[in-house]
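This report refers to the structure that appears directly beneath it.
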Amino acid sequence: MTWYLPFTSVEFFFFLLFGVLYGGYLYRIKRLAQQFKQKANAIWIKAIIRSIYMVLLIVALLGPSFGAMTKEIRTNGKDVFLAVDLSQSMKAQDVPPSRLEKVKLELQEFIQNSNADRVGLIGFSSEAFVLSPLTYDQSALELFVQSLSTALAPPEAAQIQPVLELVQQKFRESETSRETERSKIVVIFSDGETFGENVQAAVRSLVNQGIRVYCVGIGTYAGGKIPEGRSFKKNSRGETVLTRLEADVLKEVAQRTKGAYFEINQNISETPRLLSAVNSVKSELRQTKVVEVAANKYLYPLLAALLLIALDVLWTIQVLKI
């Protein structure tokens, strides 16, 4: 037999507390019985019942496991990397509360509703870096999303080519001989500003590797100011910098890789359409694994304890005759 939880000082404390309080109650009843010159032996029946269901409740809490049961685990063979622009322009507030904060909210919705098997997180500006590798752990991924900040990335302008090269590398590393047909998807959240580099070669490699890219433009075409200290960022001529959504490269990358382009601004959020598009991508490989796990039998001692509690409540025993 194994236990789901170990016996700790918490359980010992409850045992001790029960013993002290109930022992004090028994002592008080026996003293009263002596005053009335009675034995009050019937009290031990209730004491035994209550002690037994106290032990059974603790046993149920610890989770006794014995025997084995089979559990089927299904994976849908779909991996998704979420790439988030962390350049300084993402601090612009034309999409309140800011472009980056809005992306973080949308990412939470995406992670919770996506049917992807594994999801990873990438941050980028002039460089791209992995914040979370492909993982099944949704809760851990959401913690990484909450930590996203422009301070994590170099202050230089964003470039998309490092992202495309990094996801190719990571998808190749994640492949095994048994999982070469997994669907591979990248979702890029960016304002698209300063994507001036030539990405043709990187896009061709993505197509050859079967990686589909969905791009989400975040920002407005009217633009917004970039907060810097108590003021706003200025150029070398002392003029306030205005950052605008530039969607051309994002649209091109999405189109050439058989993905799609979506936008998020102060009026609309196309995250539901993005989710629908990603979820509709057919999984290239479905795996079904049957594993043996220890069977947690907590229900049996719990039911026994509840029956004894019911008996204790319904069965009245006269202890003293007054």
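Derivation of every value follows stated rules applied to the coordinates shown; laboratory data play no part. Bear in mind the structure is a predicted one, so any value in this text is a computation, not a measurement. Reconstructed Cβ throughout: ideal geometry from the backbone, glycine too, with neighbour counts over all protein chains shown.
Taking Glu263, Glu173, Glu165 in turn, the Gaussian network model of the chain (Cα-Cα springs below 10 Å) assigns the largest fluctuation to Glu173. Working from label points 7 Å from Cα in the Cα-to-Cβ sense, the Val20 to Leu143 distance is 3.5 nm.
Using the Cβ-Cβ distance between Leu299 and Tyr221 with R0 set to 51 Å, the FRET efficiency works out to roughly 0.30. The value of relative contact order for the range 77-285, using C-alpha pairs under 8 Å at least six residues apart, is 26 percent. The calculated FRET efficiency for Asn113 paired with Ser9, based on their beta-carbon distance and R0 = 35 Å, is about 0.25.
Cross-link reach is defined here as a Cα-Cα straight distance under 14 Å, omitting same-chain residues fewer than 8 places apart; for Lys46 the aspartates and glutamates meeting it are Asp312. Among Met90, Met54, sorting on how many other beta-carbon atoms sit within 10 Å of each Cβ, with the fewest leading, yields Met54, Met90.
Per-residue packing, averaged as other Cβ atoms within 10 Å, sorts the ranges 147-158, 121-132 into the order 121-132, 147-158, beginning with the highest. With the simple spin-label model, which puts each label point 7 Å out from Cα in the Cβ direction, the Gln318 to Phe129 separation comes to 8.1 nm.
Listed values (1) 0.95; (2) 1.58; (3) 1.01 include one computed from this model; for Cα Rg over 2.2 N^0.38 Å that value carries the label (2). Pull up the cross-link candidates among the lysines for Lys170, meaning alpha carbon to alpha carbon under 16 Å and not fewer than 8 places away within one chain. Within the straight-line limit of under 16 Å, Lys170 reaches these lysines: Lys78, Lys184. Against the main long axis of the alpha-carbon atoms of the chain, helix 99-113 sits at an angle near 50°. Using the Cβ-Cβ distance between Thr2 and Arg230 with R0 = 51 Å, the FRET efficiency computed as 1/(1 + (r/R0)^6) comes to roughly 0.30.
In this simple spin-label approximation, Ala47 and Leu32 carry label points 7 Å from Cα along the Cα→Cβ vector, and these lie 1.5 nm apart. Within the same chain, lysines fewer than 8 places from Lys104 are excluded, and of the rest, those with a Cα less than 18 Å from its Cα are Lys91. Less than 5 angstrom separates the built amide H of Leu86 from those of Phe124, Ser125, all sequence-distant by 5 or more or on a different chain. For the range 100-156 and the range 189-224, what is the separation of their C-alpha centers, rounded to whole Å? Cα centroid of the range 100-156 versus Cα centroid of the range 189-224: 17 Å apart.
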